[in-house]
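> This is the structure I want to talk about, given as structure tokens.
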Amino acid sequence: MFTPAAAVTLNPPQQQVLESLARAGTTPQLLARKCRVILLASAGVPNNAIAQQTGLSRPTVIATRACFGRGGVDAIRQRQKRKRSRRVLTPELEQRILDTTLKTRPPDATHWSVRTLARHLGVTRTLVHGVWQRYDVQPHRVERFKLSNDPRFEEKVRDVVGLYVDPPDRALVLCVDEKSQIQALDRTAPILPLRPGLPERQTHDYKRHGTTTLFAAFNILNGKVIGSCLPRHRGKEFIRFLNQLEKEVPADLDIHLILDNYSTHKSAEVQRWLKPQKRRRFHFHFTPTSGSWLNQVERWFGLITDKMIRRGTFHSVDELERAIYAWLATWNEKPKAFVWKATADVILDKVRRCKEAIVKN
């Protein structure tokens, strides 16, 4: 239970100034409230009642009374500054923030956050955030990589990248691969549509209605795609797709195919298919082992997956394939080629630096 505070004693000039400030329309609202606090306190009104009448908190009422007791009317008219013990960012503190971020881990997590590091070092999170921004440090992010152990890595990189940056004359360069095991998934309940404030919602469980494989050839010149859905992805199906390419590509053009090292692309059936004289215009270029990221069709597969397959609902394989062909037709109406900018030297240098970093660690 609070003991009532003693009434504030005012002399006539102070009373007159406080009443004038409290009534004046040009007085800032907070100052007018503080003047009312002192006037009510001089009338013996308890602090709780003053807080209710002025709309201020009880601690603010007490602080206003104390401020008036120290300096009178002039004291409450001045803007009060909070006393904060702010640490200045010195070179030593900046280096400590960086070293802690880069060389240590918190005991209960895999990486530091702005707040956990600020608490650990006894500084503000704004200070930590400023240092991270200055040095582009992002502990919350992680990127994945995979190094190829292909003994012909450099040779294959230069071969494939050479086709991208300087394609041969009188030839068509196609990035070819298959996206296998595309599932025709049907949700177990109807999808709830998008609404203001609510995303589209679908059940986490689903029904499988079979799979299909999409064979695709991405034209690096204009971005058009030749595609075909087949039930499996064996050498037999790959040859069917090669026959389709042979028909659709003008006979006077050589065909350079960029492929990964999947066994289907190198099978005995495919080698026999290539032997006839009329198929001498086909040239296979293989990406390095674990280097399928060099194949531009993989990026196109990512687009069709994100924009159509992943969130699609299909009641049969036929429905799935019709949707794929429709999306493919729409893409080919306004195709978009991917601009390859990295030279072989840039890629090889980056891989070299990555290997050196692994050795050091």
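> Identify the residue in region 187-222 that is free of Cβ contacts under 8 Å to residues at least 60 places away in the same chain, over 28 Å from the mean Cα position of the chain (by Cα) and in a strand (DSSP E or B) and, among all such residues, is surrounded by the most Cβ atoms within 10 Å (Cβ to Cβ).
Restricting to residues being free of Cβ contacts under 8 Å to residues at least 60 places away in the same chain, over 28 Å from the mean Cα position of the chain (by Cα) and in a strand (DSSP E or B), the top hit is F215.
> I've got another one for you. Can you name the residue in region 17-75 that is in contact with a helix residue (DSSP H, G or I) (Cβ under 6 Å, 6 or more places away or on another chain) and among the basic types (K, R) and is also farthest from A6 (Cα to Cα) among such residues?
Looking at the filtered set, the residue picked out is R33.
> Working carefully through the options W331, W327, W300, W340, find the one that is farther than 26 Å from Q202 by Cβ and among the hydrophobic types (A, V, I, L, M, F, W, C).
W340
> Would you say L10 is at pLDDT 85 or above, touching a Leu at 6+ places or on another chain (Cβ under 8 Å) and either under 19 Å from Q78 (Cα atoms) or not in a helix (DSSP H, G or I) (or both)?
Criteria not met by L10.
> Right, next: Of the conditions (1) assigned to a helix (DSSP H, G or I); (2) in contact (Cβ under 8 Å) with a residue 24 or more places away in the chain; (3) under 18 Å from G162 (Cα atoms), A342 clears all except one; give me its number.
Every condition holds for A342 apart from (1).
> Looking at Q181 and the list (1) touching a Lys or Arg at 6+ places or on another chain (Cβ under 9 Å); (2) exposed (fewer than 12 other Cβ atoms within 10 Å of the Cβ); (3) assigned to a strand (DSSP E or B), which single condition is not satisfied?
(1)
> Which number in (1) in contact with a helix residue (DSSP H, G or I) (Cβ under 8 Å, 6 or more places away or on another chain); (2) buried (at least 16 other Cβ atoms within 10 Å of the Cβ); (3) part of a helix (DSSP H, G or I); (4) touching a residue at least 60 places away in the same chain (Cβ under 8 Å) marks the one condition that G162 misses?
Answer for G162: the failing condition is (2).
> What is the one condition in (1) outside any helix (DSSP H, G or I); (2) within 51 Å of the chain's Cα centre (by Cα); (3) small (G, A, S) that A63 does not satisfy?
That leaves (1) as the condition not met.
> While we're looking at this one, here's another question. Return a yes/no flag: does region 76-97 have any residue that is touching a Pro at 6+ places or on another chain (Cβ under 9 Å) and part of a helix (DSSP H, G or I).
No, region 76-97 contains no residue that is touching a Pro at 6+ places or on another chain (Cβ under 9 Å) and part of a helix (DSSP H, G or I).
> Looking at region 110-133, is at least one residue aromatic (F, W, Y) and part of a loop (DSSP other than H, G, I, E, B)?
Scanning region 110-133 turns up at least one residue that is aromatic (F, W, Y) and part of a loop (DSSP other than H, G, I, E, B).
> Ok, one more. Could you tell me how many of the residues in region 43-59 are surrounded by fewer than 16 Cβ atoms within 10 Å (Cβ to Cβ) and either outside any helix (DSSP H, G or I) or among the aliphatic types (A, V, I, L, M) (or both)?
Residues flagged as surrounded by fewer than 16 Cβ atoms within 10 Å (Cβ to Cβ) and either outside any helix (DSSP H, G or I) or among the aliphatic types (A, V, I, L, M) (or both) within region 43-59 amount to 5.
The values are calculated or read from the model by the stated rules, or taken from the named source; none is laboratory data. The structure presented is a predicted model; accordingly, all values stated were derived computationally and were not measured. Positions of Cβ are generated from backbone atoms using ideal geometry, with glycine treated the same way; all protein chains shown enter the neighbour counts.
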